[in-house]
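Participant: Would you mind keeping the following structure in view while I ask a few things?
The values are calculated or read from the model by the stated rules, or taken from the named source; none is laboratory data. Just so you know, these numbers come straight off a predicted model, no measurement behind them. Ideal geometry is used to build each Cβ from the backbone, glycine not excepted, and the neighbour counts take in all protein chains shown. What goes into the accessible areas is simple: the full protein's heavy atoms, side chains included, and nothing from ligands, DNA or RNA. Shrake-Rupley method; radii C 1.70, N 1.55, O 1.52, S 1.80 Å.
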Amino acid sequence: MTPKPAGPPDGGWGWVVAAAAFAVNGLSYGLLRSLGLALPDLAEHFDRSTQDTAWVSALALAVQQAASPVGSALSTRWGARPVVMVGGVLTSLGFVFSAFARSLLHLYLGLGVLAGSGWALVFAPALGTLSRYFSRRRVLAVGLALTGNGASSLLLAPTLQLLLDSFGWRGALLLLGAITLHLAPCGALLRPLVLPDDPPAPPRGPLAALGLDLFARRAFLVFALGTALVGGGYFVPYVHLAPHALDLGLGGYGAALVVAVAAVGDAGARLISGWLADQGWVALSRLLAVFGALTGLGLLAVGLVPLVGSREGCEGALLAAAGAYGLSAGSYAPLVFGVLPGLVGVGGVVQATGLVMMLMSLGGLLGPPLSGFLRDETGDFTASFLACGSFILSGSFIYMGLPGALPSCRPASRPATPPPERGELLPAPQVALLSPGGPQSALDTAC
């Protein structure tokens, strides 16, 4: 029998798991972010509206996130390694099937249902396994893995545009099917880790396996509501940032540059945000609310670009707004998953990750089609980005109900220690206020 370690190793094979999660994130969300470049070609080929083609990416996002609790449950029962490997094969088959599509329905089934189901089996188990390997540097490790999104977008956006120009959308999807097959070896690197807080046996019953009992915790319920609203706008740039740039006359490679700028800001901010969160200077819930609000403001800025200048001279403004959005969205992303062990404990983090993905799917299914509908009605994406930015701001406001999100005045205690593993949020940093009588008669207060 292998003895259980005293706690997460905070390194070692955990860095290999982080590299695997990096690739998994890049080949899922990074690819989804770049896929918007193909939507205009699909709309032209099938003679359909922007709203209709937006459902391709929206369904992929929604299925990937709505089915994530299933991936988490299977991972809890059978282990993350086989589940992620099977998910990689399903994702690849979805792209290959879609390359031979004769209608949008085939794309809905191939990219939306089949590839989306494969992504549902890879992301939550990979990220949940990574969280189990780290404690003190958990948010930094999660941020490092999530930079795969930005790095992949930086590489795949111009590559996909080149493939579309060279081979058309069918050839591009066929080659993407070969690329996404690399998810399978990434799953093979997810070595199981047994921790002292793990239950002695897998959960019995569907509700326990999916982790639905976590909604009985007030803090997780507040987090869930805020995350569902944020999901209504967070993924709109994945689908419509490139078409927005095309509408403004930037051309195919100009649109790819806008996506790449957002990706660079996103990737760099994830590392910085992860490092900042691990220092314990500011409560994770407060950082989550602040960076969520900044992400909403960034989307508002992207939508307002056509209103502040002429279409001919808006390239610089759109690049700046996309960079600001990328920085804020990248800072927000690792905090969503980094705060989970503090809400549910490290033993429930895999199930909680799947539930978070399901919650974001509720908004992810609404956001891109709503954005496409507003574009068809108004002629541009201004109203789309304004509406979706408002969703994110609303969700960030709800995050203020989490413990530690707002400053408070109460008797001070010792400075915060590394995040506990049993589901208690890291306390807010404490500042001692001295009374006029001097240090001896001071009433220490944390604000």
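Participant: Which values of log₁₀ I(q)/I(0), to two decimal places, follow from the Debye formula for segment 211-406 at q = 0.15, 0.19 Å⁻¹ with a uniform point scatterer at every Cα?
Facilitator: So the normalised log intensities work out to -0.86, -1.24.
Participant: When ranked by the protection proxy of mean other Cβ atoms within 10 Å per residue, highest first, what sequence do the peptides 144-155, 89-100 form? Display every interim value, and only then the final one.
Facilitator: Details: 144-155: 24.7, 89-100: 21.5.
So the peptides 144-155, 89-100, ranked by packing, come out 144-155, 89-100.
Participant: Report the local net charge at Ser371: Lys and Arg +1, Asp and Glu -1, summed over other residues whose C-beta lies under 14 Å from its C-beta. Write out the running numbers ahead of the final one.
Facilitator: On the way: positive: Arg375; negative: Asp52, Asp247, Asp376, Glu377, Asp380.
Here the charged neighbours net out to -4.
Participant: Picking from Phe167, Tyr133, Ala184, whose Cα lies most toward the positive end of the charge dipole for segment 10-192 (charges on Cβ: Lys, Arg +1; Asp, Glu -1)?
Facilitator: Tyr133
Participant: Please give the solvent-accessible surface of Arg375 in Å², to the nearest 10, using a probe radius of 1.4 Å with every protein chain present.
Facilitator: 60
Participant: At R0 = 45 Å, how high is the FRET efficiency between Arg102 and Phe215 if r is their beta carbon distance? Nearest 0.05 is fine.
Facilitator: On the way: r = 42 Å, r/R0 = 0.94.
The pair Arg102/Phe215 has a calculated efficiency of 0.60.
Participant: Let me ask something else. Going by average Cβ neighbours within 10 Å, how do the peptides 255-261, 327-333, 188-194 rank, with the highest at the top?
Facilitator: Details: 255-261: 23.7, 327-333: 26.6, 188-194: 16.4.
By packing density, highest mean first, the sequence is 327-333, 255-261, 188-194.
Participant: Quick check: net charge around Leu327, other residues with Cβ under 13 Å of its Cβ, Lys/Arg +1 and Asp/Glu -1?
Facilitator: Details: positive: Arg270; negative: Asp266.
Every neighbour counted, the sum reads 0.
Participant: Please give the Cα centre distance for segment 124-147 versus segment 67-96, rounded to the nearest Å.
Facilitator: The two parts, judged by their Cα centres, are 18 Å apart.
Participant: From Cα pairs below 8 angstrom and at least 6 apart in sequence, can you work out the relative contact order of segment 211-406, rounded to a whole percent?
Facilitator: Values: 320 pairs, mean separation 85.7, N = 196.
After rounding, I find 44 percent.
Participant: Dipole magnitude of segment 10-192 about its Cα centre, charges +1 at Lys/Arg Cβ and -1 at Asp/Glu Cβ only, in debye to the nearest 20?
Facilitator: Details: 11 positive and 6 negative charges, 161 e Å.
The dipole magnitude comes to about 780 debye.
Participant: Taking only the alpha carbons of segment 10-192, what extent do you get along each of the three principal axes, in Å, biggest first?
Facilitator: The principal-axis extents, from largest down, are 52, 31, 25 Å.
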